[in-house]
Structure formats: C-alpha cells, structure tokens
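The values are calculated or read from the model by the stated rules, or taken from the named source; none is laboratory data. Nothing here was measured: the structure is a model prediction, and the numbers come from that model. In this analysis, Cβ positions are derived from the backbone assuming ideal geometry, glycine residues included, and neighbour counts consider all displayed protein chains. Just the protein is used for accessible areas: all its heavy atoms, side chains included, with ligands, DNA and RNA removed. Shrake-Rupley method; radii C 1.70, N 1.55, O 1.52, S 1.80 Å.
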Amino acid sequence: MNWEAILAPYKQAVEELKVKLRGMRLQFEFESSHSPIEFVTGRVKPIQSIVEKAELRNIEKDVIETEIQDLAGVRVVCQFVDDIYTIVDMLHSRSDFSIIEEKDYILNKKDSGYRSYHMIIEYPVETIHGKKIILAEIQIRTLAMNFWATNEHSLNYKYEGKLPVEVQSRLQRASEAAFKLDEEMSKIRSEIQEAQRIFHRK
Ligand code: 0O2
C-alpha cells in the first residue's frame, strides 16, 4: 500500500483544521474575551498504529479509510469543562464540515477513567484529483483530562495495553482527582478569568 499517497489528504486536513481552530482562539484573543480554547494539536495516525489497529479489529485494507475514523485527528484543549461545550456548540454551527457522530466521554466516562468529547466529521479536502471527503476526529478536553489521557496513553504503550492492577487503580484515582480538579476550578472560574484579564492588560 502506498501509505504516503493515501495519507496525504489526511495530512492536509489536519493542517487545515489546526489553522481553523487556532484561528478561533486568535479571534477570541483579538476581541479580548476569554478564549474557550487553550491550545490545539493535531496528527495523522502513524502508519504502524494504523496497521496494528486494523489487525486488532480485523479491518480489511480496502475499508481502512471508513472503519478507522481517526486517521486524521485534531485535539482542542480547554481550561474549563464548560468551554468544551461552548466549542461543541460553535462546531455545530460551522458550514465547512459536517458532524456525523459524537461521543461524550465526559458524561459517560470510559472504564479506563478516560474523559473527553469526541466528534467524527466529514471534511472536504481539495486534492489534485478533485474533492475528497475524508473522516476526521476532533477530541475536545480540558487540560486536566489531557494530562490524565497523555499519561495513561504512555503507560498503556509501556505495558502494551496490559496495565498491572496497581497501576490501573492508581489511574482510576488519578482520573477522579482530575475530575475533582476540573470541578474546583469551575467553581472559581470567574475569579480566574478576572485575574487573567488583568494580567493580559499589563
Ligand atoms: P491513538 O494512539 O491516540 O491514536 P469505538 O470503535 O468507537 O469503540 P475507537 O474507534 O477507538 O472506538 O474510538 P474512541 O473510543 O472514540 O477512541 C478514539 C481515540 O480516543 C483513541 O485513539 C485515543 O486517542 C482516545 N481514547 C479513547 N479511549 C481512551 C483511553 O481509555 N485512554 C486514552 N489515553 N485515550 C483514549 P486510539 O487509536 O486508540 O489511539
């Protein structure tokens, strides 16, 4: 398989989506209002992990592009939980892509302790062969959720998905602590934002 050629439109989509989402952040900044976006990252799934995921789930090569929905992935990281839903609402009103699936792993956290809001979108990319509509995943989460997910992801990689029970239970506790942190920060949100406005003006 010519992976480079297959993944080229996905690479372009990730770059375009990063520009667009970072543009939202800049616009909030120019208007001197609180930005619901802290930062934006993106990646094309590495070939090795595409192959591994396809093997694990018995996905045939010719359906990889429809069955693996996160070949293109962008991540929006927010300060507060409410910001996540502000972004979700804003993404709903956009006309440059359509949302085909949403998973709220904040209201329904995963057994692992994972929390995040996921959107699968259909995104049109202009290629040298014409328009190609690809699937992309947008993950929206708080800084605390991101901290937890990044660490859990590293541990899963280290233990090849077979986490020792002790590590699993620590991760469960860490997940609850991250959730509590988000709750506590939300309660003093207006104070934090006021402080950050003053800081910005200086
Ligand atoms: P990577 O290495 O990040 O690319 P589904 O078929 O809907 O049950 P699917 O397709 O895996 O499952 O979708 P889901 O559950 O929305 O997860 C997609 C991505 O979300 C994952 O991609 C991870 O990035 C992230 N994710 C989901 N669950 C967890 C979790 O328990 N811990 C962490 N750290 N991340 C999670 P990949 O391909 O698994 O991994």
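In the set Asp70, Asp96, which member is within 14 Å of the chain's Cα centre (by Cα), open to solvent by less than 60 Å² (accessible area, probe 1.4 Å) and among the acidic types (Asp, Glu)?
Details: Asp96 fails: within 14 Å of the chain's Cα centre (by Cα).
Sole residue among the options that is within 14 Å of the chain's Cα centre (by Cα), open to solvent by less than 60 Å² (accessible area, probe 1.4 Å) and among the acidic types (Asp, Glu): Asp70.
Could you grab me the full set of residues in the range 134-150 that are more than 8 Å from the ligand (Cβ to nearest atom), out of contact with any Ser or Thr (no Cβ under 9 Å at 6 or more places or on another chain) and open to solvent by 20 Å² or more (accessible area, probe 1.4 Å)?
If the condition is that a residue be more than 8 Å from the ligand (Cβ to nearest atom), out of contact with any Ser or Thr (no Cβ under 9 Å at 6 or more places or on another chain) and open to solvent by 20 Å² or more (accessible area, probe 1.4 Å), then Leu143, Phe147 are the ones that fit.
Does the range 154-169 contain any residue that is under 19 Å from Val77 (Cβ atoms) and not acidic (Asp, Glu)? It would help to see each step written out before you state the result.
Within the range 154-169, the subset under 19 Å from Val77 (Cβ atoms) is 154.
Those left that are additionally not acidic (Asp, Glu): 154.
Yes, some residue in the range 154-169 is under 19 Å from Val77 (Cβ atoms) and not acidic (Asp, Glu).
Looking only at residues in the range 1-41 that are open to solvent by 80 Å² or more (accessible area, probe 1.4 Å) and aliphatic (A, V, I, L, M), which one is nearest to Lys61 (Cα to Cα)?
Met1
For the structure I just gave you, tell me whether Ile6 is touching a strand residue (DSSP E or B) at 6+ places or on another chain (Cβ under 6 Å) and farther than 26 Å from Ser190 by Cα. Give the derivation first.
Details: touching a strand residue (DSSP E or B) at 6+ places or on another chain (Cβ under 6 Å): no; farther than 26 Å from Ser190 by Cα: yes.
No, not satisfied.
Among the numbered criteria (1) surrounded by 14 or more Cβ atoms within 10 Å (Cβ to Cβ); (2) part of a loop (DSSP other than H, G, I, E, B), which one does Lys110 miss?
Unmet for Lys110, out of (1) surrounded by 14 or more Cβ atoms within 10 Å (Cβ to Cβ); (2) part of a loop (DSSP other than H, G, I, E, B): (1).
If a residue has to be surrounded by 16 or more Cβ atoms within 10 Å (Cβ to Cβ) and charged (D, E, K, R) to count, how many in the range 151-188 make the cut?
Qualifying residue count, the range 151-188: 2.
Residues of the range 76-88 being over 18 Å from Phe179 (Cβ atoms) and either out of contact with any helix residue (DSSP H, G or I) (no Cβ under 9 Å at 6 or more places or on another chain) or within 16 Å of the ligand (Cβ to nearest atom) (or both), which ones? Spell out the reasoning first.
Taking the range 76-88 as the starting set, the residues that turn out to be over 18 Å from Phe179 (Cβ atoms) are 76, 86-88.
Scanning the range 76-88 gives Val76, Thr86, Val88.
Cβ-Cβ under 8 Å, sequence separation 6+ or interchain: first residue in the range 113-127 and within 14 Å of Val76 (Cα to Cα), partner of a type in the set (D, E, K, R) and away from the ligand (no atom under 13 Å from the Cβ). Which pairs?
Note: no pairs meet the criteria.
Being β-branched (Val, Ile, Thr) and within 10 Å of the ligand (Cβ to nearest atom) is the filter here, so list the residues in the range 51-68 that pass it. Before you say what the answer is, go through the steps one by one.
Of all residues in the range 51-68, those β-branched (Val, Ile, Thr) come to 51, 59, 63-64, 66, 68.
Selection gives Ile68 alone.
Does Asp83 satisfy the condition of being of a type in the set (D, E, K, R), buried (at least 20 other Cβ atoms within 10 Å of the Cβ) and under 21 Å from Arg43 (Cα atoms)?
On the way: of a type in the set (D, E, K, R): yes; buried (at least 20 other Cβ atoms within 10 Å of the Cβ): yes; under 21 Å from Arg43 (Cα atoms): no.
No; evaluated as a whole, the condition is false for this residue.
Determine if the range 135-153 includes at least one residue that is among the acidic types (Asp, Glu), closer than 28 Å to Phe28 by Cβ and not in a helix (DSSP H, G or I).
yes
Residue-by-condition table, conditions (1) among the aliphatic types (A, V, I, L, M); (2) surrounded by 13 or more Cβ atoms within 10 Å (Cβ to Cβ); (3) part of a loop (DSSP other than H, G, I, E, B):
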| residue | (1), (2), (3) |
| --- | --- |
| Gln48 | no, no, no |
| Ile59 | yes, yes, yes |
| Val74 | yes, yes, no |
| Leu91 | yes, yes, no |
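Being within 15 Å of the ligand (Cβ to nearest atom) and under 16 Å from Val74 (Cβ atoms) is the filter here, so list the residues in the range 89-112 that pass it. Give the steps one after another, and end with the answer.
Initial filter on the range 89-112 (within 15 Å of the ligand (Cβ to nearest atom)): 99-112.
Within the range 89-112, Ile99, Ile100, Glu101, Glu102, Lys103 meet the criteria.
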